[in-house]
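Enquirer: Sharing a structure here in structure tokens format.
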Amino acid sequence: MGNIADKMLANFNKKLAGEIRARIQAQEKTVFEVLTLASIVEKEMYGYENRRVVADIFLKRLKVGMPLQSDATVNYITEKGNPAPSLKDTQIDDPYNTYKYRGLPPGPICNPSIEAIKAVVYPKETNYWYFLNAPSGEIIFSHNHDEHVRNKYKYLK
């Protein structure tokens, strides 16, 4: 009998086969890049359609060289699990801090679900650049930074 790692890898390869791998290659991404971003999407958002929108937001930010500004990556560093990390936490000098460093962090922050992976491979194109998770569970998407700031004040204060 094979070991657990072999079984996990076989299951991963089974789920990430054919069309998905072809799409990743066509997008000129690596599986590692997709898994890294999918891990962030996994921790940031719930629900496939919402994850597709968040993936689109992050992919647009990467394309233009904007920091991802992911609270999930800051929580990965601090292990606090805060819905909104403190300003001090967002200034920590760590390569996983996507507020401080542009681009993807060095690797995944969790084991992403196939749903999060598919969201990154098949993002839903929108005009949104920002999002927040309101305490009510509602997801608020914003088209620009000013709208995002207004939404933060409205929904998080």
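Laboratory data are not the source of any read-out in this text; all were calculated from the coordinates shown. Keep in mind the model is a prediction, meaning the values are calculated, not measured. Backbone-built Cβ (ideal geometry, glycine too); neighbour counts: all protein chains shown.
Enquirer: Take residues that are in contact (Cβ under 8 Å) with a residue 60 or more places away in the chain, under 26 Å from PRO135 (Cβ atoms) and under 14 Å from the mean Cα position of the chain (by Cα) and tell me which of the helices (runs of 4 or more DSSP H) falling wholly in region 1-114 contain 2 or more.
Expert: 31-44, 48-64
Enquirer: Now a separate question. Of all residues in region 118-157 being among the β-branched types (Val, Ile, Thr) and either touching a Cys at 6+ places or on another chain (Cβ under 7 Å) or closer than 18 Å to ALA84 by Cα (or both), which is surrounded by the most Cβ atoms within 10 Å (Cβ to Cβ)?
Expert: It comes out as ILE140.
Enquirer: Evaluate region 124-132: report whether one residue or more is outside any loop (DSSP other than H, G, I, E, B) and of a type outside the set (A, V, I, L, M).
Expert: Yes, some residue in region 124-132 is outside any loop (DSSP other than H, G, I, E, B) and of a type outside the set (A, V, I, L, M).
Enquirer: Further question on the same structure: Among the residues of region 38-60, which ones are closer than 14 Å to ARG23 by Cβ, buried (at least 20 other Cβ atoms within 10 Å of the Cβ) and among the aliphatic types (A, V, I, L, M)?
Expert: Result: ALA38, ALA55.
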